[in-house]
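Structure record follows, encoded as structure tokens.
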Amino acid sequence: MKQMWNGWLLALQLFTVIPIRRSIEWNALHVRWLVRFMPLAGAAIGVLAAGVYALCSIFSFGSPAFLALLLLWLGIWMAGGLHADGWMDVSDAFFSYRDAKRRQEIMSDSRVGAFAVLSLVCLLSFRWLFLYETIEAGIPPMLFVAVPLLSRTGAAWLLCVGKLAKPTGMAASVREYSSWRDAVLSLALAFLALSPLSVFGGVPVWMSAALVMAMALLALAAKPWAEKQFGGVTGDVLGALIEGGETLLWGVVWLLHSSAMG
């Protein structure tokens with residue numbers, strides 16, 4: 001139980017800005033639980049976003065455009081910009097059109113290129129649009145929990161089963177102690193967390209199923225793509241999957257709402 005709790009705290013330390021002022025040993029048991037709790041770390045961010053959305057809706061505070069912008073940046077800020085940075089690094093590397101080795105070097109470079117900025121603006125513009133349209137249509141707050149939960153679930157799976165691009169870095173440090181079994185447990189915990197959102201949180205089962213399918217397809221496609229373009233999985237690739245996954249999932253929510261209303 002202590003190892004489980006420490007793994008949870010480690011996940012919050014690594015993937016959120018929640019202040020956990022405690023030194024936790026980096027060992028096999030703690031890291032395995034960190035991987036298993038990745039989806040729940042995303043859900044923790046989502047709970048805050050859902051609370052803000054619910055309160056603003058109850059008190060009629062802010063327009064849909066304002067809420068979309070607020071909730072978009074709240075999610076990025078709560079993750080410490082870690083995944084957005086990964087998206088930018090991957091964009092710079094991919095659009096360099098170099099070989100995998102050179103792309104790895106570009107991702108390790110702290111400088112920001114034009115493609116990184118353009119791709120982030122594009123990504124967040126579409127996410128804002130999807131959020132705005134769905135907020136205006138009226139969505140259950142628990143969707144703000146489901147989306148980051150599922151995006152981290154896909155990242156946890158890719159981390160455990162994908163080929164590593166290099167033996168160093170954060171992804172390699174975590175992968176050293178984790179395996180496909182941890183991916184299975186991560187998926188199981190994500191399912192257990194997602195079920196109440198459908199039963200009690202107002203998220204329709206068919207919508208939950210569509211979101212699960214969309215994220216599963218994205219994660220499955222990301223594995224061979226990352227191995228071809230970058231030689232394998234890195235921390236930046238995982239961050240890009242999370243950010244891209246969230247935009248995709250909000251796009252699915254928007255599409256399903258538009259179809260239902262049409």
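The values are calculated or read from the model by the stated rules, or taken from the named source; none is laboratory data. Everything quoted here is computed from the prediction, not taken from an experiment. Positions of Cβ are generated from backbone atoms using ideal geometry, with glycine treated the same way; all protein chains shown enter the neighbour counts. When the accessible area is computed, the model is the full protein with side chains, heavy atoms only, and any ligands, DNA or RNA have been set aside. Shrake-Rupley method; radii C 1.70, N 1.55, O 1.52, S 1.80 Å.
Brief remarks follow.
- For the range 1-136, the relative contact order comes to 24 percent (Cα pairs under 8 Å, sequence separation of at least 6).
- Between helix 180-199 and the chain: long-axis angle, C-alpha atoms, 0 to 90°, nearest 10: 10
- Only lysines eight or more places from residue 101 in sequence, or on another chain, were considered; those with a Cα closer than 26 Å are 163, 166, 223, 228.
- Split the accessible area of the chain by element, probe 1.4 Å, and carbon with sulfur accounts for 69%.
- Accessible area per residue in Å² at 1.4 Å probe, computed on the chain: 48
- Summed over qualifying helices (DSSP H, 4 residues or more, each -39500 (n - 2.57)) and divided by its residue number, the chain shows a 222 nm mean residue ellipticity of -26000 deg cm²/dmol.
- Among 207, 38, 215, the largest mean-square fluctuation in a Gaussian network model of the chain (Cα springs under 10 Å) belongs to 207.
- Diffusion constant of the chain at 20 °C, which comes from Stokes-Einstein with the Kirkwood Cα-pair radius and 1.002 mPa s, µm²/s: 115
- Orientation-averaged projected area, Cα convex hull of the range 1-82 (nm²): 6.1
- Each pair of Cα atoms in the range 38-178 enters the Kirkwood radius, and Stokes-Einstein at 10 °C and 1.306 mPa s then converts it into a translational diffusion coefficient of 95 µm²/s.
- Amide H within-cut-off set for residue 232, under 5 Å, with H built and near neighbours excluded: 227
- Relative contact order, percent, the range 153-262 [alpha-carbon distance under 8 Å, six or more residues apart]: 40
- The range 80-111: trypsin sites (Lys or Arg not before Pro) in DSSP coil with no more than 10 other Cβ atoms inside 10 Å: 111
- Diffusion coefficient, µm² s⁻¹, Stokes-Einstein with Kirkwood Rh over alpha-carbon pairs of the range 105-181 at 4 °C and 1.567 mPa s: 82
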